[in-house]
1. Tell me which strands (runs of 3 or more DSSP E) are completely within segment 69-137 and hold 2 or more residues being among the aliphatic types (A, V, I, L, M) and in contact (Cβ under 8 Å) with a residue 24 or more places away in the chain, or say none if there are none.
2. Would you say Asp63 is in contact with a Ser or Thr (Cβ under 9 Å, 6 or more places away or on another chain) and of a type in the set (Asp, Glu)?
3. If I ask for residues that are within 16 Å of Val66 (Cα to Cα), surrounded by 14 or more Cβ atoms within 10 Å (Cβ to Cβ) and modelled with pLDDT under 90, which ones from segment 102-128 would you list?
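The values are calculated or read from the model by the stated rules, or taken from the named source; none is laboratory data. This is a predicted model, so every value here is computed, not measured. Methodologically, a virtual Cβ is constructed for each residue, glycine included, from the backbone with ideal geometry; neighbour enumeration extends over all protein chains shown.
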Amino acid sequence: MKQYVLILLFMPTLVLAQNDKDRDFHLDKEFNVNLGGQVRLRCSDADVLVVGSSRSTAHVKIDRTVTTRGWVWSDETFSVDISNEDGNLDIRERANGSVSMALGSFQERYTIRLELPLGMSLSVDGDDGNYQISSLH
């Protein structure tokens, strides 16, 4: 009888843990941009690294990995909209919903790496997170 009770107690945890991958987001893509164009980034709680280089395209790499343990419920949705118009790039995070915990933990690892041509301008609208910007002349 104890075995059945333990199985019933841990089964929701196993089912909820499988849903972590549904909340993950990965993008690795290059975009054509104008060398004098603008990149607008809107995000929150991300570790952002922006590097200027002699490249002619913009390379965008976004990784978000969610790990939960225990009794965690979430109706959260996450996506990133990227618009590439007139040689400009607009990157906008879309996150909605909430995460609730009865017992457990929720961990998010969220990184954004932008490799941009030298001479592009950058506009960042973000809160929290860490921002490192180098070599954008």
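1. Filter on segment 69-137 gives 77-85, 88-96, 99-117, 121-127.
2. Working: in contact with a Ser or Thr (Cβ under 9 Å, 6 or more places away or on another chain): yes; of a type in the set (Asp, Glu): yes.
Considered against the rule, which asks whether it is in contact with a Ser or Thr (Cβ under 9 Å, 6 or more places away or on another chain) and of a type in the set (Asp, Glu), Asp63 comes out as yes.
3. Listed by number, the residues that qualify are Gly104, Phe106, Glu108.
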